[in-house]
1. Rank-order 237-247, 301-311 by packing density, defined as the average count of other C-beta atoms within 10 Å over each peptide's residues, highest first.
2. Could you look at the chain and say what percent of its accessible area is carbon and sulfur, using a 1.4 Å probe and all protein chains?
3. Please report how far the C-alpha centroid of the range 197-230 lies from that of the range 377-403, rounded to the nearest whole angstrom.
4. Along the charge dipole of the range 345-537, which of M527, A387, L459 sits closest to the positive end, that is, farthest toward it, with unit charges on the beta carbon of Lys, Arg, Asp and Glu (+1, +1, -1, -1)?
5. To the nearest whole percent, what portion of all C-alpha pairs in the range 345-537 is separated by more than 31 angstrom?
6. Need one value: the accessible area of T424 in square angstrom, 1.4 angstrom probe, rounded to the nearest 10.
7. Pull up the cross-link candidates among the aspartates and glutamates for K609, meaning alpha carbon to alpha carbon under 15 Å and not fewer than 8 places away within one chain.
8. Leaving out ligands and nucleic acids, and using a 1.4 Å probe, what accessible area per residue does the range 150-248 come to in Å²?
Amino acid sequence: MTTQTLLIELLTEELPPKALNNLGNHFAASVAEGLEKAQLIDGAAEFTAYASPRRLAVQVKNVKAVQADQKIVKKGPAVANAMKDGAPTKALEGFARGAGAKIEDLTIVHDGKQDVYAYEYVQTGKPLGELLEDIINQAVKKLPIPKVMRWGNSTFTFVRPVHGLIVLHGGYIVNVSVLGLQSGNQTLGHRFLSSGEITIENADSYATQMREQGKVVASFAERKAAIQTALNEQAGRLKATVAADEALLDEVTALVEYPVVLEADFEEHFLAVPQECLILTMQQNQKYFPLLDQNGKLMNRFLLVSNLQTDDPSHIIQGNERVLRARLSDAEFFYKQDQKATLESRLPKLANVVYHNKIGSQAERIERLQSIAAHIAKALGADAAAAERAARLAKADLVTEMVGEFPELQGTMGKYYARLDGETEEIAEAVEQHYQPRFAGDNLPNGKVATAVALADKLETLVGIWGIGLIPTGDKDPYALRRAALGILRMLMQYGLDVNELIQTTFDSFPKGLLNEKTPSETADFMQARLAVLLQNDYPQDIVAAVLAKQPRRLDDLTAKLQAVAAFKQLPEAAALAAANKRVQNLLKKADAALGEVDESLLQQDEEKALYAAAQGLQPKIAAAVAEGNFQTALSELASVKPQVDAFFDGVMVMAEDSAVKQNRLNLLNRLAEQMNAVADIALLSE
């Protein structure tokens, strides 16, 4: 059967740039999936997504003009229940009637469990045109569009008004109607560089015709790659690097159809403003690409991506420079205005900034942060006064002009203003870094003072918000408590602090009765659960479970313990010792009395005497290794007692009739369990 390329294009008004790439990929994948399910593709689906500001399109290879004929088997009632006294039951008659067949036309097939009556027939394949309209409409309905709109007198809805529809199979127009539009083979090119309608000759020529006749690079991926290459080339000539993330590159790619990268500049005096402000202004407001010199300092040159190709781009460059100058002047004004007041003098204004109506203002929060940060700093052996001062100033920049305009700069501006106020560099850095880590993979605060303030900030958020009942549920976590917990855990894995003690200290900093009394225990459990999630990114679940079963309150040695358990699991004795440990724990649950010391005079059999001697010899070795943090050595020592453990369980009845002997044997097993589980609960290791 002959196959050809299928092209579908929706011509729209300008689509939302931040959603464009996602819309294009979803539309293309949904169309290809629909064609594949309808058995209209020869082989696996091979498709190309196109997405530009004014169009979503997809090109699918090897699409059939007609479905292949299909053998259909409709299964009915079981043979055992379908006939009664030689006559068909109502169930069988109903099945035949529903299938449009006579009883004698039915066959018997096996459905994997039993023989059933079935009706087998060949369904003639339908032409592409009969199936494609529904496939496209379903693809449109599945698009991840948060808000739709209507246009003109139409009752149809879409993310933006749709004005054209191309559906070509090879060079043939497939007659379908989508969103009130009849399919054709004509589209529009670039809004300014192209003139008139473009007739697409066949589905395979789409990208070439759009580029050559329409001045449109239809492929999002191709436009993005071209922009990235041009940015790098321009920056390379200036011995600079481009300051931009993937999100900005994606957004700019979604704003242009025929990208041209141009170089521009701004006045050097603006560089007196902190470069973070200038970079954010350029990126966020203007979608420009700032340039950094070889020392990472902002240059007074930048790159922009134009949607126009012209022999003389000077008017485009000058126009963009003029717009940016106004933006940078605003930033410069905010910066100068902010310097007229110190951070300390701004603190009273925080009383008017509500943190949460049940917890109070940012000013009240600052009081708590100061005491928590000082407590943590003392525990870290850091300067408690510096931590308290940094915590006091940490939120003052929230009431500055610059942060009011650019909330993303909170902390960053606090650092600059702290320096201008004469605060120490340690305090200034802590003011900025107390928000870290902001997200997974973000840098941790640098230094103990900054860590103390960062821990205080996140602990106060976690305990306070949890304590008033705003607990994360499902995918809802409006106060980002999961993120706060992970940030706390990452910091505590570097420093040997007691997580439960920190939670209790934070809880005690709130007015008595304000928070739920169960908050400390509940947040500790929450942290334990988040810790398991964090660790399972790098270690198997059973190893994480074994280590966390000990409910560690200090996390700075977790990595060493996890690595030690992973190494122990590779030992040939590990599986048998893990099984023995599980057996020991089950036996200890049956103890009638409190477990205590082993009475050597009650040891009767050679096997239990040998195990006692082995456990006695093992105890100081494991204790010394654990004390030194050499957990791998501690666990490897367990391998030496495997013969005595095996012999004990083979030859000794633990639950002896003599209660004293039984209790003594349980005491012995308890001694053994303490040593086996000194690092982790190895009973939880899987084979």
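1. Working: 237-247: 14.0, 301-311: 17.1.
Put in order of decreasing packing, that is 301-311, 237-247.
2. 48
3. 54
4. Farthest towards the positive pole: M527.
5. 12
6. 70
7. E597, D599, E600, D646, D650
8. Spelled out: the 1.4 Å probe surface of the range 150-248, per residue, equals 50 Å².
The values are calculated or read from the model by the stated rules, or taken from the named source; none is laboratory data. What you see is a predicted model, and the numbers here were worked out from it, not measured in a lab. Please note: Cβ atoms are built from the backbone with ideal geometry, for glycine as well, and neighbour counts cover all protein chains shown. SASA here: full protein model, heavy atoms, side chains in, ligands and nucleic acids out. Shrake-Rupley method; radii C 1.70, N 1.55, O 1.52, S 1.80 Å.
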